[in-house]
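**Q** Attaching a single structure in structure tokens format; questions to follow.
The values are calculated or read from the model by the stated rules, or taken from the named source; none is laboratory data. Bear in mind that the values here come from a model prediction, so they are computed numbers and not experimental data. All Cβ positions, even for glycine, are placed from backbone atoms using ideal geometry, and neighbour counts span all protein chains on display. Keep in mind that these areas ignore ligands, DNA and RNA; they rest on the heavy atoms of the full protein, side chains included. Shrake-Rupley method; radii C 1.70, N 1.55, O 1.52, S 1.80 Å.
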Amino acid sequence: MVTRKNIRQLEVFLKCLLLAILAGGIWCGGSIFWSSHNLPKPVFKSNSEPNEDSNALVDALPLSAHKPIWDFDFRQQLIKPPPVPKPKVKPPPPSPPPPLPKLLGTFVDKNGAWGAFQTQKGQISVAKAGDHVGKLEVIRVHPKKVQLNDGRKTYSIELPKKKVTSKRKRRR
């Protein structure tokens, strides 16, 4: 009875037989090819013919013929390595913004709008548009809002909202 196992074994056997036949054909064909062409035979510089202990090709070539092989650097890589990415240089972190003064209030008189500021050191100063408060220049003064500039960036300061606190409890 023919089973799958028997068919598989027969298939493997036939593949091996085919490979053996192909290898033999290549071997024989190669030797026929080389023998049919008139290839030069090695020339021996010594008077004696090579024997079993000597190597005919090594004895036939002078040492200077091997110099290109000796000079070849065999330590080189077989494939080129991938390019190494250049490390990205991070820009220096931006300097922190200058301490902003606290806006105490704004008012308007006949000379224009003014803003009252309290600096980080606790000093109180009054400035209009174009004046400086510390290292910051006052750009505009609006009601309850002031715009300041440090030369790089513009900042807006608003009046803090008043917290409504009542001591009385609401009636329901």
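**Q** Any residue at all in region 52-67 that is more than 30 Å from Lys153 (Cβ to Cβ), modelled with pLDDT of 80 or more and of a type outside the set (A, V, I, L, M, F, W, C)?
**A** As a first pass, look at region 52-67 and keep what is more than 30 Å from Lys153 (Cβ to Cβ): 52-67.
Still in the list and also modelled with pLDDT of 80 or more: 64, 67.
Remaining after also requiring of a type outside the set (A, V, I, L, M, F, W, C): 64, 67.
Within region 52-67, one or more residues are more than 30 Å from Lys153 (Cβ to Cβ), modelled with pLDDT of 80 or more and of a type outside the set (A, V, I, L, M, F, W, C).
**Q** OK, next. Do we have Leu19 as open to solvent by 100 Å² or more (accessible area, probe 1.4 Å), farther than 30 Å from Pro62 by Cα and modelled with pLDDT of 80 or more here? Can you show your working first?
**A** On the way: open to solvent by 100 Å² or more (accessible area, probe 1.4 Å): yes; farther than 30 Å from Pro62 by Cα: yes; modelled with pLDDT of 80 or more: yes.
Judged against the criteria, Leu19 is a match.
**Q** On to the next question. When the residues of region 108-130 are filtered to those that are touching a residue at least 12 places away in the same chain (Cβ under 8 Å), part of a loop (DSSP other than H, G, I, E, B) and open to solvent by 80 Å² or more (accessible area, probe 1.4 Å), which remaining residue is farthest from Tyr155 (Cα to Cα)?
**A** Taking the candidates together, the pick is Asn111.
**Q** May I pose another question? Give me a count of the residues in region 90-129 that are out of contact with any Ser or Thr (no Cβ under 8 Å at 6 or more places or on another chain) and among the aromatic types (Phe, Trp, Tyr).
**A** Summing the residues that are out of contact with any Ser or Thr (no Cβ under 8 Å at 6 or more places or on another chain) and among the aromatic types (Phe, Trp, Tyr) in region 90-129 gives 1.
**Q** If you scan region 141-158, which residues turn out to be within 48 Å of the chain's Cα centre (by Cα) and assigned to a loop (DSSP other than H, G, I, E, B)?
**A** Asp150, Gly151, Arg152, Lys153
**Q** Moving on to the next point. Restrict the check to region 95-107 and report whether at least one residue is under 45 Å from the mean Cα position of the chain (by Cα), in a loop (DSSP other than H, G, I, E, B), modelled with pLDDT under 85 and surrounded by 14 or more Cβ atoms within 10 Å (Cβ to Cβ).
**A** So far as region 95-107 goes, yes, one or more of its residues are under 45 Å from the mean Cα position of the chain (by Cα), in a loop (DSSP other than H, G, I, E, B), modelled with pLDDT under 85 and surrounded by 14 or more Cβ atoms within 10 Å (Cβ to Cβ).
**Q** Moving on. One residue is enough: does region 131-140 have a residue meeting the conditions of a type outside the set (Ser, Thr, Tyr), outside any strand (DSSP E or B) and loosely packed, with under 10 Cβ neighbours inside 10 Å?
**A** Filtering region 131-140 down to residues of a type outside the set (Ser, Thr, Tyr) leaves 131-140.
Going one step further and asking which of them are outside any strand (DSSP E or B), we end up with 131, 134-135.
Then keep just the ones that are loosely packed, with under 10 Cβ neighbours inside 10 Å; that gives none.
No: zero hits.
**Q** Here is a further query. Which of the residues belonging to region 107-131 are touching a Leu at 6+ places or on another chain (Cβ under 8 Å) and small (Gly, Ala, Ser)?
**A** Of everything in region 107-131, those that are touching a Leu at 6+ places or on another chain (Cβ under 8 Å) and small (Gly, Ala, Ser) turn out to be Gly115, Ala116.
**Q** Please give the number of the condition Asn38 fails out of (1) modelled with pLDDT of 85 or more; (2) assigned to a loop (DSSP other than H, G, I, E, B).
**A** Result: Asn38 passes all but (1).
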